[in-house]
Amino acid sequence: MGKYVGVEEALSLVKSGDHVVVALGASEPYEFLSNLHTIADRVKNVTVTNCLSLREYKYNTDPAYKDSFFCECLFYSSPTRQAHSLGRASFIPNHLRLSGVNRQYNRGADIFVGVCSPPDKHGFVSLSTSNVYEKRMLEDADIVILEENEHAPRTFGDVNIPVSDVDYFIRTDYPLPEIPDPKMDERDKKIGKLIADVVENGDCIQLGIGSIPNAVAAALTDKKDLGVHTEMFTTGIMDLMKAGVVTGKFKQVHREKAVCSFMIGSREMYDFVDDNPSVLVLDCNYVNDPRIIARNDDQVSINTSLEVDITGQCCSESLGSRQFSGTGGQTDTAVGAQMSRGGRSIIALYSTAMVKDPQTGERREMSKIVARLKEGAAVSLSRNDVNFVVTEYGMVDLKGASISERAKKLISIAHPAFREELERQAYDCGIVIR
């Protein structure tokens, strides 16, 4: 059984040049990371690999610690964007299903630190809210440290490990970070309804987080017997399960179980998944494998994008060359859904965004359907893999469509104020032939 230590003793295990891998999102070890900066006077060149960090920490934001710590991130969030702007973080390009596999290939973990539920009567702990890469990193790390937390739900799947696999436990009692439900506006509701209209009773769904996915979940309340196979379990999915909309009775894989790899949401959601055998938290290398996704008939993937060009290329993670989030599982789930018998992939976005003009500082409305992606933009989903695209002005199906046909379809769901200019640009580029 692992030894119980204080955070100071746990931090004493970190050496110069170490690679420390920490768990994702709500399973991020708050006590360890909040105090990591305190050892800066004795360590240099410590790399911390994280993913979807939900809290700010001094180790990667305070300039005083720049020689001691550097952060390498599998998915950016607000805290890591801030660290990046300070020269304290760098992004690791990845498909989420391969994030752990490829990081191990590049550099194994000297120390793994995560969160777990208290040991059960059988001597097992649960890695709780995430198994994107956590279990495989834990198994290979030289040292394993887990913050045992009463607030961490005990989840099922392949996240349960014997206490003998843990070197050190830190007793903690902090609440898990929550993501409040963003307010839905009329655009969200229109998009949510358009997507709900193509979801049939008995379909298996994948949803993300944000106002558009929340609007989709709200619009699905009149459906029956939906299944869930998704990388992320959200409060919206919980609501559908509580309402009896999600039963999973027609799934071919993990029938009557909601499958995910991680969960972030409300306290109510964490309480819902605690000791709940109907929710399985499984290794993302399995969950997001397109071949596994495709084994469920009628799989529907629903993802969002920052910008889509008129040939169908989706930039879902960067603003030009500035990293904003990550590819995540967008390609995994979009391709897997289209491999599924009867499956569909949907990319949703608003038709416009308010963007600050770098010259004047004024904010102006810009089209998110564009003739060309911004210089340096990362293509998260190639035009070869795009199926449905939806804005508040409609939904179009690009599968099998020519470049010229795609351009016309996408312009038809752009904001009306930008359609004429997009048509002109499409002709000027030679995308649409006069």
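The values are calculated or read from the model by the stated rules, or taken from the named source; none is laboratory data. Bear in mind the structure is a predicted one, so any value in this text is a computation, not a measurement. FYI the Cβ positions are ideal-geometry reconstructions off the backbone, even for glycines, and counts take in every protein chain you see. Protein only, heavy atoms only, side chains kept; ligands, DNA and RNA dropped before computing areas. Shrake-Rupley method; radii C 1.70, N 1.55, O 1.52, S 1.80 Å.
Summary table
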{"read-out": "Selection count, region 389-398, where residues are touching a strand residue (DSSP E or B) at 6+ places or on another chain (Cβ under 8 Å) and open to solvent by 40 Å² or more (accessible area, probe 1.4 Å)", "value": "2"}
{"read-out": "Residue list for region 340-367, filter: assigned to a loop (DSSP other than H, G, I, E, B) and over 23 Å from Val199 (Cβ atoms)", "value": "Asp357, Pro358, Gln359, Thr360, Gly361, Glu362"}
{"read-out": "Selection within region 242-267 - more than 20 Å from the chain's Cα centre (by Cα) and either at pLDDT below 95 or not hydrophobic (A, V, I, L, M, F, W, C) (or both)", "value": "Lys242, Gly244, Thr247, Gly248, Lys249, Lys251, Gln252, His254, Arg255, Glu256, Lys257"}
{"read-out": "Region 191-209, subset surrounded by 18 or more Cβ atoms within 10 Å (Cβ to Cβ), in contact (Cβ under 8 Å) with a residue 40 or more places away in the chain and not aliphatic (A, V, I, L, M), residue nearest to Leu54 (Cα to Cα)", "value": "Gly208"}
{"read-out": "Within region 358-388, considering residues that are touching a residue at least 60 places away in the same chain (Cβ under 8 Å) and of a type in the set (D, E, K, R), the one surrounded by the most Cβ atoms within 10 Å (Cβ to Cβ)", "value": "Lys368"}
{"read-out": "Single unsatisfied condition, Glu147 versus (1) more than 25 Å from Ser12 (Cα to Cα); (2) in a strand (DSSP E or B); (3) not aliphatic (A, V, I, L, M)", "value": "(1)"}
{"read-out": "Selected residue (criterion: modelled with the lowest pLDDT) from residues of region 291-323 that are on the phi > 0 side of the Ramachandran plot and not acidic (Asp, Glu)", "value": "Gly320"}
{"read-out": "Yes/no for Ala407 being closer than 21 Å to Phe324 by Cβ and among the small types (Gly, Ala, Ser)", "value": "no"}
{"read-out": "Answer from Ile179, Ile195, Ile191 - the residue that is modelled with pLDDT of 95 or more and in contact with a Ser or Thr (Cβ under 9 Å, 6 or more places away or on another chain)", "value": "Ile191"}
{"read-out": "Single residue of Leu98, Leu86, Leu52 found to be open to solvent by 10 Å² or more (accessible area, probe 1.4 Å) and on the phi > 0 side of the Ramachandran plot", "value": "Leu52"}
{"read-out": "Any hit, region 363-374, residues being within 19 Å of Thr331 (Cβ to Cβ) and among the hydroxyl-bearing types (Ser, Thr, Tyr)", "value": "no"}
{"read-out": "Test: Gly208 is part of a loop (DSSP other than H, G, I, E, B) and either hydroxyl-bearing (Ser, Thr, Tyr) or at positive phi (or both)", "value": "no"}
{"read-out": "Hits in region 157-190 (condition: of a type in the set (S, T, N, Q) and open to solvent by 50 Å² or more (accessible area, probe 1.4 Å))", "value": "Ser164"}
{"read-out": "Sole exception among (1) outside any loop (DSSP other than H, G, I, E, B); (2) open to solvent by less than 10 Å² (accessible area, probe 1.4 Å) for Ala152, by number", "value": "(1)"}
{"read-out": "Contacts under 7 angstrom Cβ, first residue in region 24-45 being open to solvent by 20 Å² or more (accessible area, probe 1.4 Å), partner among the polar types (S, T, N, Q), 6 or more apart", "value": "Glu31/Thr172; Lys44/Ser16; Lys44/Ser68; Asn45/Ser16"}
{"read-out": "Which listed residue, of Lys223, Lys251, Lys242, Lys189, is among the basic types (Lys, Arg) and in contact with a Gly (Cβ under 6 Å, 6 or more places away or on another chain)", "value": "Lys251"}
{"read-out": "Any hit, region 403-424, residues being surrounded by 14 or more Cβ atoms within 10 Å (Cβ to Cβ) and in a strand (DSSP E or B)", "value": "no"}
{"read-out": "Qualifying residue in region 97-109 (condition: touching a strand residue (DSSP E or B) at 6+ places or on another chain (Cβ under 6 Å) and without any contact (Cβ under 8 Å) to a residue 40 or more places away in the chain)", "value": "no"}
